[in-house]
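See structure below.
What follows draws every value from the coordinates through simple rules; no lab data is involved. This one's a predicted model, so the numbers in the text were calculated from it and none came from an experiment. Cβ placement follows ideal geometry from the backbone for every residue including glycine, while neighbour counts extend to all protein chains displayed.
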Amino acid sequence: MKKNLQNMEWLSAYLDDELSQSEKVEVEKLLATSLELQKKLEDLKKVKQLGNRVKRVPESPFFETRLMAAIEGQKNETSGIKRWIPAAALAVVTIIIMIVLKFNPGILDKMWEDQKVAIAGFYKENLQPVLLAANLTNEDVFNFAFNNELPLDNTRQQYLLLGYDDSGKEFFEIRSSHQRVERESYNEFISAMNLDVEQKQIVDSIIGSYSKALESQVLVNENNTIAINPNLWNLRKAIFADLLVASEKLNKVKFDRIVPAGITNAEKVIVVNTLEKLKNTSGDQYIFVTPDSIFSESYQFDFKLYEKEMRELEKQIQLNEEKVEQFTLNMRYDSTYKYLTAAHNEHSFRIVVDSNICRVDLPVPEVPEIPIPGMATINPLVEQATNNIHFYAYKIPKIEKSNTEIKIEYYNDDSVYSYVVDYNMLNMDSLAEAHSGVDLYNLDKFKPVKPFDDTMLIKYQFDRDYYHRYYSDDEFKKQMEELQKELQQMSEELNKQKIRVKSEVTKSPKK
Amino acid sequence: MISKEEEKDLQQPQILSIDDDYSIIRQFVDGDKSAFQILVKRHKEKVRNIIFITMNNSALVDDIAQDVFITVFRNLKHFRFESQFTTWLYRITVNRCKDYLRKMNVRKIFSPIEEGSEVSEYSSPVENNDISRIVMNAISKLPVKLRMPLILKDIEGFSYQEISESLKCEMGTVKSRIFRGREKLKEILQPLEKELMN
C-alpha cells in the first residue's frame, strides 16, 4: 500500500519533472508495465492542466500609488516607544486604581454616596411648602379628598393629581388647569347633605384640621425640585373617610340616600385605625422630582420653624409698610414770581412709597394772576436801565479798496487817544449776521477777529448824533436806489443764466 | 548540437532575476526609496495572483497584497541575501493569506447563518460555464496545506525547491502534498469530470 502511494507521488513528481534521473527511469519502467499507472498519469495530467485554465487576476493600475500612500501614512504614525505611551499610561492608571481600591475598598461607594448626598443636598435646598402659598380653601381640600386634586399655586394654574394604576399602585401627575373641570363640589355636598350653618361649621373644622397637615406635603424650591410626601395618599384617604363618618353623624337620612350601603362598623374601625396610623407616621420620606432625577430621600421639614419665619417676615413687611406710609418727602423750591404771596412761595409734595407703588401727591396748583404793568410804568425803568449802557456811533467813511484802515480817536479824561483799526478785521456784517438782533450801537460787544492787546479794551467814544445824521442823509436814499438797480440787474442776469442752462439740457445728445 | 544540459545552463533566467532583485534591494538599503517601487512593479502581479487564487476573492487581493509589500518595506533592510528575494516574498504572501483565511474562519463561526447563502456552485454546470471560476472554487475547498503547494506548482509554475522554501517544508512533503492536492481536486470536480477533463 505504502509502496503504491509512493509510486503515485512519484508519478505526480514525474509529471512535474521533479524526479532524479534514477527515479525517472524507475517510474518509466513501472509505467511501461502497468495500465493502471498509465491511466493515473493521464488523470493527473488532466488535473494539472486545469491550472492553465485558471484566469489571472486583472491588473490593478493604482496598486502602487495606493501602496506608497499607505507606506507614507504609516511612516507618519507614531512609531517605536511613542506608540506605547497611551497604553503605558493606561496601565499605570489602572495599577494606581487597583492599589487604591485594594487598600480602600469602600472608596468608590463612599465617593458615590458623597456625590449622591451633594446632589440631594443641592435639590433639597430651601424647600418651601407650595400648598401654603396656594392658600388652600375648603373647596380645595374637599376636592382633594373626593377628586384627588390639589392646586399647586394660588392662581390655580397647576394641579397635583393623585391616582392609582391598574395594579393599585399610587402615582401622581402635575397638570395644568385647562385639563381640569371646574367644580363646586364642597358646596354641592353641603346642599346635598342639607347641612345647616352649624353643621357646615363642623365639616369646615374637619377640613380645616387637615388643611394644615396638607401644607407641608408638597415642597418646591428655585432649583425646580418638587418634593412630595407619599403620606399625601394616606391623608387623602383620611380626609375622605373622616368626612364620610362625620356626614353620617350629621345627617344620617341624607347620607343613607347618597351612600345607600352606608358605613359598617368594621369600616369605621378601619377609618379610626387609618387616622391613628397617620398621626403616628413620621412622614419624613419625600419623593424628589428634579430636572435630572427622581429619588426618595428622608427630609425633615420644620413646619413650625417655617411658620415662625413667615410670621416674622409678615410682621417685618407690615412694619416696613407702616414706615413707608409715614415717610414724607418735603421738596422746596424757590419761586421767581415776584408777585406770588408768601403762602405760595413754599410747596410740599407728599410721596408714599409702598411695596408695590410710589405715589406722589401734588397740591392743586394755584396759578397767580400777575398784573401786567402799563407802558407808562415801564418807560422810567427802561430809561434807568439804558442809562448804564453806553451808546456809540461812528461814521464809517467811504472805504476805498486800497484803504482798509479806520482811524479812531477817543478821549479819556483830559487825554486824547487815537488808534488805527483794520476795517476788515472788524467784519461788521458777519458779526451782525451771526448775532441777529445784536445792538449795533453797543460796539463793546464786538470782538475783533484778531485779538487786541489790553489797550484796546478802552471804551470808544463815538459821536451819536453823527450816526443819526448819516442815516437820514439823502446819500442813503441814493445808495438804496443804486442797490435796487444792482439787484434788478442781478436778477435779470440770473434769469438769463437759467434759460441758458435749460437750453443746454434740451440740446444734450440722446443715447 | 547543444545538449539538453547545456541548454539548461544557458537559460539561467533565475540567476539573472536574483542578481536584479539583489541589486535593487541594495539600492533600497543604501537609501534609494524608489528602488522599492521597482521591486513592487516586478513582483506585484505574481503576489496578487497567488492571493487571488488562494483566497478565491478578488475584493481582498489588493488589501492583502498591500499588507505583504508593507511587511517587505519594513523588513527589507534586514534581508540577508541568503535566499532568493522571491522565496522570501512568496513566503510572506503565503503566510499573509493563511492569516486572512484564519480570520475569515473565525468570523464564520460568529456570523449568523444566512438562509440561501450556501449555493451549490456545481448544480447547474451548463449555466456556469466559467471553467476558471469552477476550478478556483474547487481549489478553495482544498485544505490550506494542500491548496498552497498546488497553486504554487500548477498555476504559478514554481519548482518543488521553491515551494519547499516558500512554505518552509521538506521537499518530500511538497511532493506528497501536490499529489494529494491533485487527487482531492479531482475528487471535488468529479461531478463535472466530463465537461472539464475532456
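Which entries in A:82/B:41; A:45/B:44; A:116/A:315; A:40/B:168; A:110/A:308; A:212/A:249 show an alpha-carbon gap greater than 27 Å?
From A:82/B:41; A:45/B:44; A:116/A:315; A:40/B:168; A:110/A:308; A:212/A:249, over 27 Å: A:82/B:41; A:45/B:44; A:116/A:315; A:40/B:168; A:110/A:308.
Through the Karplus equation 6.51 cos²θ - 1.76 cosθ + 1.60, θ set to phi - 60°, convert the phi angles of region B:142-157 into ³J(HN,Hα) values in whole Hz; use x for Gly and Pro.
Coupling constants for region B:142-157: 6, x, 4, 5, 8, 5, 4, x, 5, 4, 4, 7, 7, 9, 8, x Hz.
Taking neighbour Cβ counts within 10 Å as the exposure measure, how do B:140, B:176, A:293 sort from fewest upward?
A:293, B:140, B:176
Kirkwood Rh, Cα Rg: Rg to Rh for region A:51-150?
With Rh from the inverse mean 1/r over Cα pairs, Rg/Rh is 1.52.
To the nearest 0.05, what FRET efficiency results for residue A:196 and residue A:97 with a Förster distance of 56 Å applied to their C-beta separation?
Efficiency at R0 = 56 Å is approximately 0.15.
Can you sort A:122, A:240, B:52 from fewest to most other Cβ atoms within 10 Å of each residue's own Cβ?
A:122, A:240, B:52
Which semi-axes, in whole Å and largest first, does the equivalent ellipsoid of region B:152-198 have when worked out from the alpha carbon gyration tensor as the square roots of 5 times its eigenvalues?
Ellipsoid half-lengths, sorted descending, are 26, 11, 6 Å.
Taking the Cα-to-Cβ direction at residue A:485 and at residue A:322 and moving 7 Å from each Cα, how far apart do the two end points lie in nm?
Label at residue A:485, label at residue A:322, 9.6 nm between them.
Give me B:69, B:28, B:81 ranked fewest to most by other Cβ atoms within 10 Å of their Cβ, as a rough exposure proxy.
Sorted ascending by nearby Cβ count, the order is B:81, B:28, B:69.
Out of every Cα pair in region A:127-301, what percent are spaced more than 23 Å from each other?
43 percent
Which value in Å does the Kirkwood hydrodynamic radius of region A:2-49 take, with 1/r averaged over all unlike C-alpha pairs and then inverted?
10.6 Å
Can you run phi through the Karplus equation (6.51, -1.76, 1.60; θ = phi - 60°) for region B:55-66 and list ³J(HN,Hα) in whole Hz, with x for Gly and Pro?
Ordered by residue, 3J(HN,Hα) equals 7, 6, 8, 5, 5, 8, 3, 5, 5, 5, 4, 4 Hz.
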